[in-house]
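The values are calculated or read from the model by the stated rules, or taken from the named source; none is laboratory data. These numbers were taken from a predicted model, which means no experiment stands behind them. FYI the Cβ positions are ideal-geometry reconstructions off the backbone, even for glycines, and counts take in every protein chain you see. Ligands, DNA and RNA are excluded from the accessible area calculation, which covers all protein heavy atoms including side chains. Shrake-Rupley method; radii C 1.70, N 1.55, O 1.52, S 1.80 Å.
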Amino acid sequence: MYIGEILKTLDRVSTGVPGLDELIGGGLIPGRVYLISGPPGSGKTTIGVQFLVAGARNNEKGLYISLVDDPKVIIQDMMKYDLNILPYAKSGKIVFYDIGYHLLRIEQKLTWRELFVKIKDVVSAERPKRVVIDSFTSIEQLVADPENKRREIGNFIRSLEELDVTTLVISEMLSSDNYTDEYYLASGVIVLHHFMRNYTMIRALQILKMRGTPHDSNIKRVRFSKEGIRVYNEAPF
Ligand SMILES: Nc1ncnc2c1ncn2[C@@H]1O[C@H](COP(=O)(O)OP(=O)(O)OP(=O)(O)O)[C@@H](O)[C@H]1O
Ligand SMILES: [Mg+2]
């Protein structure tokens with residue numbers, strides 16, 4: 001353990017989401033694993049892409065590991081924002097890696113450990129500074145040993161931290177009273193919400209936990225724009 005590593009907590013990595021860094025002490029502590037969770041269509045993939053684009057603008061390589069969706073479709077969807085995703089994908093500044101393609105086609109189910117070794121190998125080979133893994137929840141039915149999840153996720157998070165990458169793990173929100181292992185093991189958890197109010201969809205975000213950072217846990221207003229998601233330091237209603 002080196003003092004230089006400990007002092008890393010003084011550096012911050014921008015989330016790329018306007019309004020969010022200010023709520024978490026200037027950004028994410030580098031080299032850690034964070035969870036972005038939320039219901040369908042709440043903006044999880046958008047935040048993941050904003051995070052990688054913020055890195056790419058800073059000449060940091062990003063890696064988007066898709067566990068289910070076809071990366072082609074993700075790029076198509078994300079091109080609707082003014083984030084310039086296509087040139088970054090073409091130049092390899094952001095690499096989209098399709099693990100889902102292999103996962104869904106192999107005959108025999110992988111164990112959590114085999115899956116994580118696969119992901120780790122990709123990260124080691126690509127040597128990115130930022131990683132997004134989208135999405136965790138949906139692979140739970142695809143592994144051979146669901147009972148080993150907590151232990152293996154714990155090992156996996158430690159091994160990612162050793163690779164010196166800042167990682168966003170995307171997870172679907174099943175129900176707020178049923179927190180899954182990744183909520184406990186990640187260094188920070190950001191939850192997206194949406195509510196119906198007077199026939200209008202209200203979008204919001206909540207910093208549920210952010211280790212090593214003072215923050216408030218109140219629900220904040222979120223709006224979509226051409227630049228992706230923006231967070232406002234105000235109550236949603
Ligand atoms: N400009 C916009 N205005 C309002 N809503 C928008 C805008 N752009 C995108 N959206 C919303 O964002 C949603 C898609 O966001 P995104 O794909 O990031 O969500 P997600 O949480 O990853 O979804 P999924 O659970 O399907 O993976 C769309 O379904 C749409 O509702
Ligand atoms: Mg998504």
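The longest stretch of the chain left intact once loop-based GluC sites (Glu not before Pro) with at most 15 other Cβ atoms within 10 Å are removed from consideration, loops following DSSP, is 108-226. When ASP145, ASP121 are compared by accessible area at a 1.4 angstrom probe, the order from most to least is ASP121, ASP145. Restricting attention to region 154-237, close to 100% of DSSP beta bridges with both partner residues there are antiparallel. Carbon-plus-sulfur accessible fraction, the chain (probe radius 1.4 Å, protein heavy atoms only): 50%. The order of TYR183, TYR199 by accessible area, most exposed first and with a 1.4 Å probe, is TYR199, TYR183. Take every DSSP beta bridge whose two residues both sit in the chain; close to 40 percent of them are antiparallel.
When the C-alpha to C-alpha distance is required to be over 21 Å, the pairs from LYS61/LYS226; LYS93/LYS120; LYS61/LYS149; LYS129/LYS226 that qualify are LYS61/LYS226; LYS61/LYS149; LYS129/LYS226. The sum of -39500 (n - 2.57) across all DSSP H runs of n ≥ 4, divided by the residue count of the chain, sets its helix-only mean residue ellipticity at 222 nm to -9000 deg cm²/dmol.
Rounded to the nearest 10 square angstrom, ILE6 shows an accessible area of 80 square angstrom against a 1.4 Å probe.
Average accessible surface for region 3-232: 48 Å² per residue, computed with a 1.4 Å probe over protein heavy atoms with every protein chain in place. For region 3-232, the relative contact order is 29 percent, taking Cα pairs closer than 8 Å that sit 6 or more residues apart in sequence and dividing their mean separation by the residue count. Cross-link partners for LYS220 among the lysines, with Cα-Cα distance under 20 Å and sequence neighbours closer than 8 places in the same chain left out: LYS44, LYS209. For TYR184, the accessible area of its heavy atoms, probed at 1.4 Å with every protein chain present, is near 110 square angstrom. For PHE237, the accessible surface of its heavy atoms amounts to roughly 120 Å² (probe 1.4 Å, protein chains only, rounded to the nearest 10).
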